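First up is the structure itself, then whatever we jot down about it.
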Amino acid sequence: MNVSELLNTLKKNWIASAALCILAGLLLVLFPGAALNSLCYILGGFAIATGVIRMVRYFNQDHTYPVIFQSDLIVGLFALGLGLFMVTNPQAVLSAIPTLFGILLIGFGISNILRSLDAKKAGISHWAVLLCLAVLSILSGAIIMSNPFATLEVAVVVIGAALIYEGVSDIVIVLTVGKRIQSWRSSQ
C-alpha cells in the first residue's frame, strides 16, 4: 500500500468514525430517555451475565482450592440481584444518579460555606464571593434533586450535542487536512 492509498484509507475511516459519532449524538439528542433506558438494560444485562458466570464457576469448582473461588457465590448473587434490579427498575436506577450528585453538591456547598466563613475570619477580602458560590452549589444540588430524571435527560442531550459537534468538527478537519496534503503533494 502506497502513501496515497494509506491516506485515503485513513480519511475514509476517520469520516466513518465521525459519522457514527454524529449518529450517536443525534440519537442521544432526539431520544434521551430511550438512550438512558437502553444503557440501564445493557448494564443490567452485563451484571446478570457476570452474576451467572460467577455462580456457575463457584458451583463447578472442584473445591481443591476453596479460598480462590469462595467469593464467587457472594459476588455472583450480588451481581445477579443488581442486574435484575437494573433491568426491572431502570427509572429508579437512573434517578439515583442525579440524586447522588445533588447530595454531593449540597455537601460541597455546606463545606464551602464553612470555608468562606473561615476566609472571612482570616481577613480574605473575597470571602463573600466564596459564600455566594457555596450557596449556588447548594441551590444547584437542590434543583437537581427536585427532578432527577429531567436533569439526567438534559445531561444526555448535552452529551449528544457534544458528540454531534465532535463528529462535524472531525469531518471538517479531515477534509481540510486532506486538501492541504493534496496541495502539498502536488507541489512536490
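Legend: helices of the chain (whole DSSP H runs) are marked when their alpha-carbon atoms reach 30 angstrom or more along the helix axis and their mean Kyte-Doolittle hydropathy is at least -0.5; marked are 3-30, 32-60, 66-88, 90-121, 148-187.
Shape summary of the stretch 109-152, radius of gyration then Dmax from alpha carbon positions: 13.1, 42 Å.
At 1.306 mPa s and 10 °C, plugging the Kirkwood radius over alpha-carbon pairs of the stretch 59-188 into Stokes-Einstein gives what diffusion coefficient in µm²/s?
Values: Rh = 20.5 Å.
Rounded, D is 78 µm²/s.
Where the accessible area of the stretch 67-188 is counted over protein heavy atoms with a 1.4 Å probe, how much of it, in %, is carbon and sulfur?
Details: 6020 of 8020 Å².
Ligands and nucleic acids excluded, carbon and sulfur reach 75 percent.
Semi-axes of the equivalent ellipsoid of the stretch 1-100 are 39, 25, 9 Å, computed as sqrt(5λ) over the eigenvalues of the C-alpha gyration tensor in descending order. With all protein chains kept in place, the per residue accessible area of the chain amounts to 67 square angstrom at a probe of 1.4 angstrom.
Each of I124, I53 has its accessible area taken with a 1.4 Å probe; listed largest first, they run I53, I124.
Of all the options D170, D118, D62, the one that moves most in a Gaussian network model of the chain with Cα springs shorter than 10 angstrom is D62.
For the chain, a Gaussian network of Cα nodes joined below 10 Å ranks N112, N60, N89 by mean-square fluctuation, and the top entry is N60.
The values are calculated or read from the model by the stated rules, or taken from the named source; none is laboratory data. Predicted, not measured: the structure shown is a model, and the values here were computed from it. The area values use the complete protein model at the heavy-atom level, side chains included, leaving out ligands, DNA and RNA. Shrake-Rupley method; radii C 1.70, N 1.55, O 1.52, S 1.80 Å.
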